[in-house]
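Comments concern the structure below.
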Amino acid sequence: MNRTWVAWLGALALFGAAPVVAQTAQMTFAQTQQAAQRGDAKAQYRLGVIYDSGEGVAADPRKAFDWFQRAAMQGLPEAQYNVAVMYDEGQGVAQSFVMAANWYNAAAEQGVVEAQYNLGMMYAQGQGPAQDDATAAYWLYKAANQGYAPAQYNIGLSYLNGAGVAVDPLTACHWFLMAARQGDGESQIEIAKCYETGRGGARDPVKAYAWALVAVETGQDGSGAYLEGLGATVNDKQKNLAINMASGLVNPAS
């Protein structure tokens, strides 16, 4: 299972949209700097965003890290997450997977879904903390329950393979379906296999073919060859049913 990263600027945009940060966004740079120096965690975080993005100042990853860390030390979850990312990627600070895991843990405990996911993947791979499938599954499950598709896919794999949890193909297929509906191509292939083989319940070749079609549309690697193989197992009527079904599978209205 490969850990995937939330884009650095994407992470800032996510948290920058929060009302709490919007309050400081109206402040001038000088006002933000003064508030940050007085110990205002929100201003410290905002200053980190400014230095990371080069918003009106020269971009400076080291200064960005310093201000994020100050806010993180005061318990601001978005700052904790950004500090973790910077340690993880060696951006503005020497790379340290151990420190990244520590800060991901702090943010994960406060419910930051990307932190929960990244921490789970670090435990799954033994990168930073010692490899621990049970702890990996714990954090992946938490992120999956928040609707995070990469976590849903990976906790599905955990249940499929018995990594940190008991083998449970039915539960695995449930999580693959949740992620597939959000457009996750890997999960779309996996849920197609669930329906093809019946490992998650009854076999359903029409649904298998429909999800394979969706995976092809998503552009998932290997989906074309998989669809071609499935094509030999369904008749023309079933294919037509699957084609009509496929358009409503991703983010269905009901």
- Message: Condition first: more than 26 Å from ASN154 (Cβ to Cβ), at pLDDT below 95 and either of a type in the set (S, T, N, Q) or open to solvent by 50 Å² or more (accessible area, probe 1.4 Å) (or both). Can you find one or more residues in the range 38-53 that meet it?
- Response: yes
- Query: Restricting attention to the range 82-97, and to residues there that are of a type in the set (A, V, I, L, M) and closer than 21 Å to SER53 by Cβ, which single residue is most open to solvent (accessible area, probe 1.4 Å)?
  - Reply: VAL93
- Number of the exception - ALA100 against (1) under 22 Å from the mean Cα position of the chain (by Cα); (2) open to solvent by 10 Å² or more (accessible area, probe 1.4 Å): (2)
- Note on the structure: Counted residues in the range 214-254 being over 24 Å from the mean Cα position of the chain (by Cα) and among the hydrophobic types (A, V, I, L, M, F, W, C) come to 10
- Go through (1) touching a residue at least 12 places away in the same chain (Cβ under 8 Å); (2) open to solvent by 10 Å² or more (accessible area, probe 1.4 Å); (3) at negative phi; (4) not β-branched (Val, Ile, Thr) one by one and return the number of the condition GLY164 breaks. (3)
- Any residue in the range 232-250 that's open to solvent by less than 90 Å² (accessible area, probe 1.4 Å): show its pairings with residues that are aromatic (Phe, Trp, Tyr) at Cβ separation under 8 Å, as long as the two are six or more apart or on different chains. VAL234/TYR209; GLN238/TYR209; LYS239/TYR209; ALA242/TYR209; ALA246/TRP211; LEU249/TRP211
- Task: Output the number of the condition that LYS193 fails; it satisfies all remaining conditions of (1) under 25 Å from GLY126 (Cα atoms); (2) over 20 Å from the mean Cα position of the chain (by Cα); (3) not in a loop (DSSP other than H, G, I, E, B).
- Result: (1)
- Filter the range 180-207 for residues that are in contact (Cβ under 8 Å) with a residue 40 or more places away in the chain and surrounded by fewer than 24 Cβ atoms within 10 Å (Cβ to Cβ); which is nearest to TYR148 (Cα to Cα)? GLN182
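Conditions tested, residue by residue: (1) over 21 Å from ALA180 (Cα atoms); (2) surrounded by 24 or more Cβ atoms within 10 Å (Cβ to Cβ).
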{"site": "TYR117", "(1), (2)": "no, yes"}
{"site": "MET122", "(1), (2)": "yes, yes"}
{"site": "GLN127", "(1), (2)": "yes, no"}
{"site": "ALA134", "(1), (2)": "yes, no"}
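Yes/no matrix, rows are residues, columns are (1) under 20 Å from THR218 (Cβ atoms); (2) in contact with a Lys or Arg (Cβ under 8 Å, 6 or more places away or on another chain):
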position: ASN145; (1), (2): no, no
position: TYR153; (1), (2): yes, no
position: LEU157; (1), (2): yes, no
position: PRO169; (1), (2): no, yes
position: GLN188; (1), (2): yes, no
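The values are calculated or read from the model by the stated rules, or taken from the named source; none is laboratory data. What you are looking at is a predicted structure, and each value in this text was computed from that prediction instead of being measured. With ideal geometry, Cβ positions are generated from the backbone for all residues, glycine too; neighbour counts draw on all protein chains shown. Surface areas here come from the heavy atoms of the whole protein model, side chains and all, with no ligands, DNA or RNA. Shrake-Rupley method; radii C 1.70, N 1.55, O 1.52, S 1.80 Å.
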